[in-house]
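Down below is the structure, laid out as structure tokens.
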Amino acid sequence: MNLSKSRYCSGLQCPKILWLNQNKHEVYDKSVENTAILEQGSVVGDLAMGYYGAYIEAPFNKDDKSAMIVETKRLLAAGCKTIGEASFAFEGNFCSVDILRVFDGYVEITEVKSSTAGGDEDDVAVVDEKADSQVKDIYLHDMAFQYYVLTGAGYTVKKTTLLQLNRTYYRDGDIDLQQLFIAEDCTGRVLDLQQGIKSNLDEINALADLKTEPEREIGMQCIKPYLCGFKKYCWRHIPENSVFAINGTAMHWNKKFASHARGITTFEQMLESGEKLSPAVLLQVKTEVEKQSAFTDKPAIKEFLQTITYPVYHLDFETFMPAIPPYNGTHPYSQIPFQYSLHIQEEPGAEPVHKEFLAKEGTDPRRALAERLCADIPKNVCTLAWNMSFERGRIKTLAKEFPDLADHLMNIHDHIVDLIVPFRSHDYYDRGFKGRSSIKLVLPALFPNDPELDYKSLHGIHNGGEAMNAFLNLHTKTPEEIAQIRADLLAYCRLDTLAMVKILDKLHEVMVE
Ligand code: SF4
């Protein structure tokens, strides 16, 4: 099998990926791919090409790799000094280099990733390769493969650089490419990996070329470094209520695989094994196996309800996270709020009044959202959020960005109460929560047959990730599409705060049962 750099990296993750790709592609689960992340990656890649100044991009041709190689040779012969997507092949292995710099007698490879790097504000932009690095191993293998192909093809590669977004870069005016990216010299580590490449290629090819499906035990390779698109297929023998369904904060993946390897996979086996289970794991497993009904700790719930005063403002934000900071004061992947929903309840059980805000697509939403928030939520009232650190974080950032609104915004911030508390502490537990406290699990468990409270019945947008992706590209859509997506966004966010109203009412009901 001929390998590209992405196939080589997939093969290192698990050679069976390549076999299934070639022989059983119909079982691939496309939902693991996040098109918005891929699109952002390509935006970052395009921008990064200018990092070293003027450049020529070799046109991408997905159907004809040899045309890309021919074009690269032409550009090199013409004396181009910086080439984007320069393509090479060696012994059937192909790679495109994100940025190739050409010098007298040697070249330099730069690989661009849309991940972030950098730490404290004091960090210098260029990190010495000897410094402690958080570079993902797979990036190094990716670059090592490119080095292998280029040197095999007869080029002298003197340097291999990884370019990532600088997480400490705050936009101020035009984008400054030198500050937006962090260049990390990875040459030493890439050289260290060279001796293993030939045997890796042999091993990957031997397995990928098998006539029959290779046996491969499930393991960490199914989820790291990337979630495998064949997981549903390879994991089809794992029951729904297995050790892998345990809440990740209660049991780490390593422990789950170790348990599975010991033959302890199902919830029943976990109980029968006699192995010690943490209280959180025991709660999830036992309530499910014994089909227990919901239970409540009334004194604890009463104590929680006493922290809420009426009228209560149920608040939920939606945010988007562009890789390239779009506005002054934002950094790569800033969580920028563009929408909120607000349900206001005068007293327990009362019919709520609904307010909402959704920014105009393609505009900076922050100021308008902050102003409306201050108009909609008076000072000194109780605001309710689900997992409040998220809402608090966004409000605090807005307060820093708009000092004239800071006093009011921080007043809202300081009066937020977290509705997740009784669910996170298991003062109210239903086995439908599956050991978690996400509102997406709590709501259907508490209101199983209410179509008005069913996220699945929503059109188009069913979770925060979909809302984020929808808003990111909203300005590129037709007016009809924009109208539909805006309606979907409003319906989705509205349900998040309506869910909070219903859940709070449910807590009050518990107290009078
Ligand atoms: S799901 Fe796991 S075992 Fe199956 S191909 Fe993917 S990584 Fe390999």
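The residues in the stretch 323-353 that are open to solvent by less than 10 Å² (accessible area, probe 1.4 Å), in a loop (DSSP other than H, G, I, E, B) and in contact with a Leu (Cβ under 7 Å, 6 or more places away or on another chain) can be counted, and the count is 2. Identification of helices (runs of 4 or more DSSP H) wholly contained in the stretch 1-97 with 2 or more residues that are open to solvent by 50 Å² or more (accessible area, probe 1.4 Å) and among the aliphatic types (A, V, I, L, M) yields 35-48, 65-77. Residues in the stretch 356-377 that are assigned to a loop (DSSP other than H, G, I, E, B) and open to solvent by less than 50 Å² (accessible area, probe 1.4 Å) were compared, and the one that is nearest to residue 402 (Cα to Cα) is 365. Tell me which residues, restricted to the stretch 481-513, are open to solvent by 40 Å² or more (accessible area, probe 1.4 Å) and either in contact with a Lys or Arg (Cβ under 7 Å, 6 or more places away or on another chain) or over 22 Å from residue 365 (Cβ atoms) (or both). Listed by number, the residues that qualify are 502, 506, 508, 509, 511, 512, 513.
Considering 200, 205, which residue is at pLDDT below 95 and polar (S, T, N, Q)?
On the way: 200 fails: at pLDDT below 95.
Exactly one of 200, 205 is at pLDDT below 95 and polar (S, T, N, Q), namely 205.
For the structure I just gave you, tell me whether residue 185 is at pLDDT 95 or above, in contact with an Asp or Glu (Cβ under 6 Å, 6 or more places away or on another chain) and away from the ligand (no atom under 12 Å from the Cβ). Here the answer is yes, as residue 185 does meet what is asked. Listed by position, the helices (runs of 4 or more DSSP H) enclosed by the stretch 405-513 that each have at least 3 residues that are of a type in the set (Gly, Ala, Ser) are 464-472, 479-512.
Quick check on residue 384: is it in contact (Cβ under 8 Å) with a residue 60 or more places away in the chain and either in a helix (DSSP H, G or I) or aliphatic (A, V, I, L, M) (or both)?
Working: in contact (Cβ under 8 Å) with a residue 60 or more places away in the chain: yes; either in a helix (DSSP H, G or I) or aliphatic (A, V, I, L, M) (or both): yes.
Considered against the rule, which asks whether it is in contact (Cβ under 8 Å) with a residue 60 or more places away in the chain and either in a helix (DSSP H, G or I) or aliphatic (A, V, I, L, M) (or both), residue 384 comes out as yes.
Per-residue answers, yes or no, for (1) hydrophobic (A, V, I, L, M, F, W, C); (2) under 18 Å from residue 337 (Cβ atoms):
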| position | (1), (2) |
| --- | --- |
| 428 | no, no |
| 464 | no, yes |
| 471 | yes, yes |
| 477 | no, no |
| 484 | no, no |
| 496 | no, yes |
| 501 | yes, no |
| 511 | yes, no |
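Looking at this structure, is residue 3 more than 10 Å from the ligand (Cβ to nearest atom) and touching a His at 6+ places or on another chain (Cβ under 6 Å)? Here the answer is no, as residue 3 does not meet what is asked. Restricting the search to the stretch 297-322, which residues are β-branched (Val, Ile, Thr) and open to solvent by less than 20 Å² (accessible area, probe 1.4 Å)? 301, 308, 312, 319, listed by residue number. Looking only at the stretch 153-198, filter to residues that are open to solvent by 30 Å² or more (accessible area, probe 1.4 Å) and of a type in the set (A, V, I, L, M, F, W, C); which one of those is farthest from residue 40 (Cα to Cα)? In this case the residue turns out to be 153.
The values are calculated or read from the model by the stated rules, or taken from the named source; none is laboratory data. These numbers were taken from a predicted model, which means no experiment stands behind them. We place every Cβ from the backbone using ideal geometry, glycine too, and count neighbours over all the protein chains shown. These accessible areas exclude ligands, DNA and RNA; they are computed on the full protein's heavy atoms, side chains included. Shrake-Rupley method; radii C 1.70, N 1.55, O 1.52, S 1.80 Å.
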